[in-house]
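The values are calculated or read from the model by the stated rules, or taken from the named source; none is laboratory data. Because the structure is a prediction, the values reported are computed rather than measured. Cβ coordinates were reconstructed from backbone atoms using ideal geometry, including for glycine residues, and neighbour counts include every protein chain displayed. Ligands, DNA and RNA are stripped out before the accessible areas are found, and what is left, the full protein with its side chains, is counted by its heavy atoms. Shrake-Rupley method; radii C 1.70, N 1.55, O 1.52, S 1.80 Å.
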Amino acid sequence: MRTDIFARLDREPEPPKIETPRMSRHRIALFGGTLAFYLAIVLAVLVSSWLVALDWKVMLFRPYQQWPELHAFLDYYVVLGQRGPTAVMVASWLGWRSWRQHTLRPLLTLGTSLLLLNLSVGAVKLGLGRLGPHYATQIGSAELFAGGDIFPSGHTANAVVTWGILAYLATTPRARRYLSALSAFVSLGVGLTTVYIGTHWLSDVLLGWAAGLLILLALPWFEPLITRTEAWILAVREQWRARRRLRESVPSAPVTPEPVLLPRTPGGGANPGTAAREAASRGPAPGTAGHTGTAARARAHPVRAERTPPASAGTRRPPHAERPPRGSAGPARPVAGGPVAP
């Protein structure tokens, strides 16, 4: 048994018994409070309240001009909120965890959270159609229903969900506390960075934080669906493996041996017995199907060679009364059409 630090990287012999989060009263209370905050932000922007005025003040302050030395660093830092790079990094880590712990739950939980994020945040973005600070047309306006897709902030919501899922899937309370603090720091920094570079209003970031937190708080409601999906995938995998083992266990069809050419006799001709066996194995030649029986009878009863009849002293038939015997000279026959000799 290994006792070094690399032993923690080995694959576990069996899936660990991890208690899945449940919708406790504390979580339900947090979900209700976050939902109320979410709706309050949307209402404040719809009625162009003081929050919209604060958005314009921050935008006109132009933080990227006040602290230009931070611009280069924050351009890279904001990537921690982009959907593609963060999903690849977190999916790689959770994929290794799935292999190590013999379970698909980490990957399925990440997929479920990203799907909920796309549906909820994307629907509000397209429904409200708010323009960003760089495309604003009227000072003091909320810039709603103008064909934009900036409200709520997708970078901020994605940072909350992607990095918060690591804390949600933590196996120990201590790891959950540390990862929760880390994900909160990263998502807070990503949201403020979008305000700094002028791509989002401050209210966009507030709504993005609330949208991501709502998804993390609602994940326990989807745990039964994740469990059923994992069981179905594993059952399909076992069926596929069973079919593959069955195909490997079935013996292959026998191979027909190729005909062997036999050597000829030294005299140049083929051995008669060998030629007969080869002819019998080849079967009748094309066009001789009707003479099969005749050939068989000929092989069974070979034809006798004709013998020369022995010379006889005389004929066996009695002489004809009116015909002279052979060899005797008779009267000459008249030639047709000529004169008759006297």
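Numbers for the structure displayed
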| quantity | calculated |
| --- | --- |
| Any hit, the stretch 181-198, residues being closer than 16 Å to Q82 by Cβ, among the small types (G, A, S) and surrounded by fewer than 22 Cβ atoms within 10 Å (Cβ to Cβ) | yes |
| Hits in the stretch 25-50 - residues which are part of a helix (DSSP H, G or I) and either open to solvent by 90 Å² or more (accessible area, probe 1.4 Å) or touching a Lys or Arg at 6+ places or on another chain (Cβ under 9 Å) (or both) | R25, H26, F37, L39, L43, V45, W50 |
| Any hit, the stretch 104-115, residues being without any contact (Cβ under 8 Å) to a residue 24 or more places away in the chain and closer than 19 Å to V195 by Cα | no |
| Failed criterion for E19 (all others in (1) surrounded by 14 or more Cβ atoms within 10 Å (Cβ to Cβ); (2) more than 25 Å from L128 (Cα to Cα) hold) | (1) |
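For (1) without any contact (Cβ under 8 Å) to a residue 40 or more places away in the chain; (2) over 23 Å from F31 (Cα atoms), each residue gets a yes or a no:
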residue	(1), (2)
A184	yes, no
I197	no, yes
L219	no, no
R228	yes, yes
